[in-house]
Amino acid sequence: MSRNIAVIVAAGKGARSGLSSPKQFAPLLGVPVLLWSVRAFIEHPEINEIIVVVSAENREMVGRMISKFDNVKVIPGGAERSDSVRAALDFIGEDEDARIFIHDAARPGLSRRVLDDLILSLDHHDAAAPALIVADALKRKRGAALESVDRDGLHRVQTPQAFHLSAIRAAHEALRGENLVDDLEAAQKASLKIGLVPGDQKLMKLTYAEDFEMAESLLTSQRPPRIGMGYDVHAFAPGDKLHLCGLEIEHEATLKGHSDADVAWHALTDAILGALAGGDIGDHFPPTDEKWRGEPSETFLKHAAEMAREAGYMVANADLTIICEAPRIKPHREAMRQRTADVLGVRVGQVSVKATTTEGLGFTGRREGVAAQAAVVLTPISTLTRG
Ligand code: MG
């Protein structure tokens, strides 16, 4: 597989931002702007190396900033943006098959989706870049007069701009000494085949101090969390073991049901489906369907957790209450938490299992069956990492 190398250009002085330090190192939601892009590249499974180009005086500071990340190198850049990109190309050296993703550090909102699209586009093009269509009317001011500018075909081009390394190297070589507005300009001048992929409002460039507030609101605008509740009851029947939270527990009776009658996991499955407004367990696994006879309830819980992931949510926490006089839950509680966490794909600290009796009252008090209730909170998966 070919190398995919990210180059983050962070050597600018950011004189227009009015901030005390260059904007690419200023905090955005508590994290230096540069690190947002570093993380986005690190989290992408197909990016192998990251090179950050900084001015000589910031090299040590940035080195400390990224010291906890593997595969991230810091190199000194040049006076102009094009010089910094050429410094990165020199540092990388020759590699026939490598692809390079050149990105401005001042664009912190890089998503997985944009990178995926760029990688795909390079299969058919020498170069690719994210771009947004211009929707507003465009006017050019000439003295006191305004003239309309035809916006047909106009695009706002963002970064990362992606290239086959050998192609962009040759293009930059041919233009050595020229200062370019971006790397795509080198590709244009070399008549490379360029693909545009859909850009992203979140990829906005931080230029002025007030842009930070806009970027923060774009990066935090997420869907709210979702809460769900579930409740289930199964009756005792003659037998010698029953299923609770995926464990087989010896008991003087079993629980009656079409599946393995794991009442606790049924309640939890319904809680997740409820949070998604996705119906109930009976809709997804009808008890009239022979297919589900004796089915381990792990199938149902896994299905609900997968539905949540597909909808862009993860289980933030789950709280289960098992209501019965017997069997005793406490000896099994930690194993129940761990099994449940494993199936949900979360840490054990995100799962609570509690037990209570009803003081001899009602059907659970008369030892006719076991009831369970569950509550879950689903939290949206970061739009940054999902894209
Ligand atoms: Mg049930």
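Nothing in this text is a laboratory measurement; each read-out follows from the coordinates by a stated rule. Just so we're clear, the structure is a prediction, and the values are computed from it rather than from any experiment. Every residue, glycine as well, gets a Cβ built from its backbone with ideal geometry; the counts of neighbours run over all protein chains shown.
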So which trypsin sites (Lys or Arg not before Pro) in segment 137-184 pass both tests, a DSSP loop state and at most 10 other Cβ atoms within 10 Å of the Cβ?
-> R176
Mind putting a number on the dipole of segment 103-230 about its Cα centre? Charges go on the C-beta only, +1 for Lys and Arg and -1 for Asp and Glu, and I need it in Debye to the nearest 20.
-> 220 debye
Amide H to amide H, which residues 5 or more places from G369 or on other chains are under 5 Å from it, using H placed in the peptide plane?
-> F236
Nearest-20 debye value, the chain charge dipole, Cβ charges on Lys, Arg, Asp, Glu | 1120 debye
Gain upon complete extension [S166, R142; 0.36 nm per residue less C-alpha separation] = 4.4 nm
E248 versus T288: modelled label distance in nm, points set 7 Å from Cα along the beta carbon direction = 3.2 nm
Read phi for every residue in segment 272-281 and hand back ³J(HN,Hα) as whole Hz from Karplus 6.51 cos²θ - 1.76 cosθ + 1.60, θ = phi - 60°, with x for Gly and Pro.
-> 5, 4, x, 4, 8, 6, x, x, 10, 4
Rough spin-label spacing in nm, given labels placed 7 Å along Cα→Cβ, for R3 and E325 | 7.2 nm
Full extension between V134 and R366 adds, at 0.36 nm per residue less the Cα distance, a length in nm of 76.5 nm
Quote the FRET efficiency, to the nearest 0.05, computed for D123 versus E43 with a Förster distance R0 of 22 Å and r equal to the Cβ-Cβ distance.
-> 0.50
Please work out how much length the chain gains when fully extended from K13 to A209, using 0.36 nm per residue of separation minus the C-alpha to C-alpha distance, in nm with one decimal.
-> 69.2 nm
Among S84, P286, T159, flag the residue with its Cα farthest along the positive direction of the charge dipole of the chain, charges on Cβ as +1 for Lys/Arg and -1 for Asp/Glu.
-> S84
Theoretical FRET efficiency, 1/(1+(r/R0)^6), r = Cβ-Cβ of E216 and I381, R0 25 Å, to 0.05 = 0.85
One would report the antiparallel percent of DSSP beta bridges in the chain, rounded to the nearest 5, as 60 percent
With +1 on the Cβ of every Lys and Arg and -1 on the Cβ of every Asp and Glu, the dipole magnitude of segment 198-357 about its Cα centre, in debye rounded to the nearest 20, is 300 debye
Per DSSP, loop GluC sites (Glu not before Pro) in segment 171-244 with at most 13 further Cβ within 10 Å = E178, E210
What ³J(HN,Hα) values, in whole Hz, does the Karplus curve 6.51 cos²θ - 1.76 cosθ + 1.60 give for segment 176-182 when θ = phi - 60°, with x put for Gly and Pro?
-> 3, x, 7, 9, 9, 5, 7
Residues whose placed amide H lies under 5 Å from that of S259, excluding near-sequence neighbours | G294
The answer for G77, listing residues at least 5 apart or on another chain whose modeled amide H is closer than 5 Å to its amide H, is V54, S55, A56
Estimated 222 nm signal from helices in the chain, with DSSP H stretches of n ≥ 4 weighted -39500 (n - 2.57), rounded to 500 | -8500 deg cm²/dmol
Scalar couplings 3J(HN,Hα) for segment 92-105 by Karplus 6.51 cos²θ - 1.76 cosθ + 1.60 (θ = phi - 60°), nearest whole Hz, x for Gly and Pro, are 5, x, 7, 7, 3, 9, 5, 10, 10, 10, 9, 10, 7, 4
